[in-house]
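Inspection log for the structure reproduced underneath, given as structure tokens.
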Amino acid sequence: NNRLYVEASYYVRGTKELLAFESNASTGRRLGNIGSVRNRGIEVTSSWTQQLSNDATLTISGNITTFDNKVVGLPQDGRLNAGEERPSVTEQGYPIGYFFGYVVEGVYQSYADKLRSPAVVGYDYQPGDLKYKDVNGDGKIDADDRTMIGNPTPDFMYGLSTNFKYKNFDAGIDFQGVYGNEIYRYWGSSELPFTRFNFPSFRLNRWTGEGTSNFEPAVSSRPINRLPSTYGVEDGSFFRIRNLQVGYNLNTDALRKVNIKSFRIFANVQNLKTWKRNSGYSPEYGGDPTQFGIDNGDGPIPVIY
């Protein structure tokens, strides 16, 4: 009886001549139309409308969109933004702007621990510093041990809404969620130590001696602890009460007497509550086409719907 509505689709979208910055030894950093990206996934929208009585109606709606993102073509060596400071890399065969860096295995607990671990090439380090994994197994830690440590593109995003109407009264609530993406926390992780105005509270659990911490490094200015790594990767999934509204429409017969077509009184709350796992202000961070999902600690602009 037309109570159920479902719309489902499978999409494949190819973007050619992606507009992004590329670095060249002769021309420096310049903007160009480079590379191509493929996105595909499933989109489903559904709703159910139930007539509870002659005066009451309940509608429940939901939607979900999945994402499978892949760079299918790039010029030169097939990689962009593979630097030592920022984690974002765009590489052929991988998701666009994925996080690239070292895998943290723990914290060096003693000089004996340092001596029995693979040597780190090019950096001074000591007990209390982050210990990185020898990914390629060559007995040393260098740039070749960097690997994919996160993806800022979610697996899927979803929404749910409920609306109830009774005579001239109505109430509605909207929910929004994202799942499967990572956020790179640049502040308290890869930023220069002397640029901080304060330390994040989790630094209270820092290493202060053997056995005190195997994840939170000691407070120091040594560059080895600022390399992009899993130490800065956080879960970007969240669930939010996006909108809550209660309203009342005044009787139209009474309004006609004063030449008013309609009059509505309502109360509305946006972004009432967000359940998230990252330590920043928000779980949503923008950026440019190849560098996004990075929490720089400078306070993102609130998202309003």
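Any read-out appearing in this document is the output of simple, stated calculations on the displayed coordinates, not a laboratory observation. Every value quoted in this text rests on a predicted model; they were computed, and no experiment measured them. Every residue, glycine among them, receives a Cβ derived from its backbone with ideal geometry; neighbour counts consider all protein chains shown.
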Completion exercise
Given Cβ charges of +1 for Lys and Arg and -1 for Asp and Glu, the option among Phe292, Thr66, Leu80 whose Cα lies farthest towards the positive end of the dipole of the chain is Thr66
Completion exercise
A chain fully extended from Leu160 to Asn296 at 0.36 nm per residue, minus the present Cα-Cα distance, gains in nm 45.9 nm
Problem - Local electrostatic count, Gly137, Cβ distance below 12 Å [Lys/Arg +1, Asp/Glu -1] - result: -2
Completion exercise
Across Gln126, Gln109, Gln50, the residue with the highest GNM fluctuation in the chain (Cα network, 10 Å cutoff) is Gln50
Completion exercise
Residue separation between Tyr5 and Asn63 times 0.36 nm, minus their alpha-carbon distance, gives in nm 19.7 nm
Practice task
Could you name the lysines whose alpha carbon sits less than 22 Å from that of Lys261, not counting residues in the same chain fewer than 8 places away?
Solution key: Lys165, Lys167
Practice task
Identify which of Tyr125, Tyr285, Tyr111 has the largest mean-square fluctuation in a Gaussian network model of the chain, with springs joining Cα atoms closer than 10 Å.
Solution key: Tyr111
Exercise for the section: Under a cut-off of 15 Å between alpha-carbon atoms, report the aspartates and glutamates in cross-link reach of Lys131, not counting same-chain residues fewer than 8 places apart. Expected result: Glu105, Asp113, Asp142, Asp145, Glu210, Glu216
Completion exercise
Computed for the chain: size of charge dipole around the Cα centre, +1 on C-beta of each Lys and Arg, -1 on C-beta of each Asp and Glu, debye to nearest 20, value 1200 debye
Problem - Neighbour cut-off at most 10 other Cβ (10 Å), DSSP loop, trypsin sites (Lys or Arg not before Pro), the stretch 195-261 - result: Lys257, Lys261
Handout entry: Gly106 long-range amide H proximity, modeled H, under 5 Å
Key = Lys131
Exercise for the section: Between Val219, Val12, Val178, find the one with the highest GNM mean-square fluctuation for the chain; connect C-alpha pairs within less than 10 Å. Expected result: Val12
Problem - Residue-by-residue Karplus 3J(HN,Hα) for the stretch 218-228, coefficients 6.51, -1.76, 1.60, Hz, glycine and proline x - result: 5, 6, 7, 9, 5, x, 4, 7, 9, 5, x
Exercise for the section: Just need the relative contact order of the chain here, percent rounded to a whole number, with Cα pairs under 8 Å and 6+ apart. Expected result: 16 percent
Fill in the blank from the handout: For Lys133, the lysines lying under 29 Å Cα to Cα, once residues fewer than eight places off in the same chain are dropped, come out as Lys70, Lys114, Lys276
Exercise for the section: Return the sequence-ordered ³J(HN,Hα) values of the stretch 121-132 in whole Hz as given by the Karplus equation 6.51 cos²θ - 1.76 cosθ + 1.60 applied to θ = phi - 60°, using x for Gly and Pro. Expected result: 8, x, 9, 7, 8, 7, x, x, 8, 5, 9, 9
Fill in the blank from the handout: Answer in debye to the nearest 20: the dipole magnitude of the stretch 151-226 about its Cα centre, from +1 Lys/Arg and -1 Asp/Glu charges placed on Cβ, is 240 debye
